[in-house]
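Here the structure is laid out as structure tokens; the discussion comes afterwards.
Here, each number is a calculation from the coordinates, and none is a lab measurement. What you are looking at is a predicted structure, and each value in this text was computed from that prediction instead of being measured. Counting neighbours? That spans all protein chains shown, and the Cβs are built from the backbone with ideal geometry, glycine included.
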Amino acid sequence: MTIGTDIDKAARLILDGALVAVPTETVYGLAADATNDRAVAAIFAAKKRPSFNPLIAHVHSRRAAEEHAYFTPLAEKIAAAFWPGPLTLVLPRREGSPISELASAGRPTLAVRSPAHPVMRALLEAVGRPIAAPSANPSGAISPTRAQHVAEGLGDAVAMILDGGPCVVGVESTIVKVVGDHAMLLRAGGIPREAIEAIAGPLAARGDAVEAPGMMESHYAPAARLRIGDDPRPDEAFLAFGDAREHPHALNLSRTGDLVEAAANLFACLHALDAMARERGLKGIVAMRAPEKGLGEAINDRLARAAAPRP
Ligand code: TXA
Ligand code: MG
């Protein structure tokens, strides 16, 4: 495995059927040619991901997305407002799309996203095909927002890590399912609910596990136990937010209470606190909730899953 910045090399590897970790504005992705069944199967194997959990197909533009999925006027309106960017649309899959059935886990729908990261956009152009990519972490573990996180989590399972620097958004894309003129929030993420509702009207309640099979209760979990609270004991690591109390084993998502800064720091802080807990022999991690507005909804969702009982 190599870490580098050569986009043409990454494109050649993907066209050859290899796995490449790629930067996006949300988190790093574990990428393969979405039209290559064997390469897509290798993604599931590398992550130890259950094969019923479908992948997002990344495309350069809405025109490219339309080759693989049907857009209603509402879906077009949402894409026009937020693409390229941290938004995924779940739409009816188009018959005849060359995307692997394994990528969409045999479902009649397809998740599509046009990412904003300039390196990922250049890669999509060089590959000229849709790229399937889940987050580049072992299934259930903390998502990667640095090339180094991918190296630690997946290591030699990838041929190359394309280094695009730290991810600026820091939480995964918001997932919206559109059926006709009806939109439903399946996952809170990098575009706040309020911004989408300003364009699309009120979003229906979040789908259950059946709607987004990857939204299993326990996810994003550090090795150390994590609980939600603002009352760290001396033998716990502390993920603080805003004007929190001082603590010897603390990292703060944003001292000024800025939710954009907090989201960008979230997974890197969880990785760092996990290492701190291990090195200092701490009992676990305590994380403060963010206010439930804007990107706070996605931050709290990830923290709740990191704290959930594990299988
Ligand atoms: O920001 C992101 O979305 C990142 C970057 C790499 O693009 N990707 C990402 O992928 O978070 P992943 O696989 O970790 O999460 C995708 C979620 C899963 O919960 C999956 O179940 C859901 O999307 N999903 C994919 N296809 C779906 C479909 N057809 N219907 C409903 N949910 C779907
Ligand atoms: Mg993931």
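Counting only DSSP beta bridges with both residues in the chain, tell me the antiparallel percent, nearest 5.
45 percent
Net charge within 13 Å of A224 by Cβ-Cβ distance, Lys/Arg positive one each and Asp/Glu negative one each, not counting A224 itself? Present the calculation step by step, with values, prior to reporting the outcome.
Values: positive: R225, R227, R278, R280, K283, R310; negative: D235, E236, D274, E279.
Neighbourhood net charge equals +2.
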Neighbour-count order for H149, H60, H249, H182, fewest beta carbons within 10 angstrom listed first: H182, H249, H60, H149
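Taking a ≥ b ≥ c as the square roots of the Cα gyration tensor eigenvalues, with a/c under 1.5 meaning rounded and otherwise prolate when a/b beats b/c, else oblate, which class fits the stretch 124-244? Mind showing how you got there, number by number?
Values: a/c = 1.86, a/b = 1.12, b/c = 1.66.
It comes out oblate by the Cα gyration axes.
Give me D for the chain in µm² s⁻¹, whole number, from Stokes-Einstein with Rh from the Kirkwood sum over alpha-carbon pairs, 25 °C and 0.890 mPa s. Spell out each step's value before the answer.
On the way: Rh = 19.5 Å.
Answer, rounded: 126 µm²/s.
Order by neighbour count: S51, S139, fewest other Cβ atoms within 10 Å first, most last. The partial results should precede the final answer.
Numbers: S51 12, S139 16.
So the residues, fewest neighbours to most, are S51, S139.
Could you give the length gained by full extension between E194 and L15, i.e. 0.36 nm per residue of separation minus their alpha carbon distance, to one decimal place?
Length gained between E194 and L15: 60.6 nm.
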Interchain or long-range residues, amide H under 5 Å from I228's placed H: A287
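How much length is gained on full extension from A45 to K283, taking 0.36 nm per residue of separation minus their Cα-Cα distance?
Numbers: separation 238, 0.36 × 238 = 85.68 nm, distance 3.18 nm.
In short, 82.5 nm is gained.
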For the stretch 12-42 versus the stretch 160-190, the gap between their alpha-carbon centres in whole angstrom: 17 Å
Going by the alpha-carbon gyration tensor, a ≥ b ≥ c the square roots of its eigenvalues, is the stretch 49-199 rounded (a/c under 1.5) or, if a/c is not under 1.5, prolate (a/b greater than b/c) versus oblate? prolate
Once each part is reduced to its C-alpha centroid, what is the distance from the stretch 246-269 to the stretch 76-119 in angstrom? 31 Å
The answer for trypsin sites (Lys or Arg not before Pro) in the stretch 1-77 that fall in a DSSP coil and have at most 11 neighbouring Cβ atoms within 10 Å is K48
R310 versus Q148: modelled label distance in nm, points set 7 Å from Cα along the beta carbon direction: 2.3 nm
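Given the -39500 (n - 2.57) contribution per DSSP H run of 4+ residues, what per-residue ellipticity at 222 nm results for the chain, rounded to the nearest 500 deg cm²/dmol? Walk me through the intermediate numbers first.
Working: 9 runs with 94 residues, N = 311.
Mean residue ellipticity at 222 nm (helix-derived): -9000 deg cm²/dmol.
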Rounded to two decimals, what is Rg over Rh for the stretch 112-154 when you use alpha-carbon atoms and the Kirkwood radius? 1.01
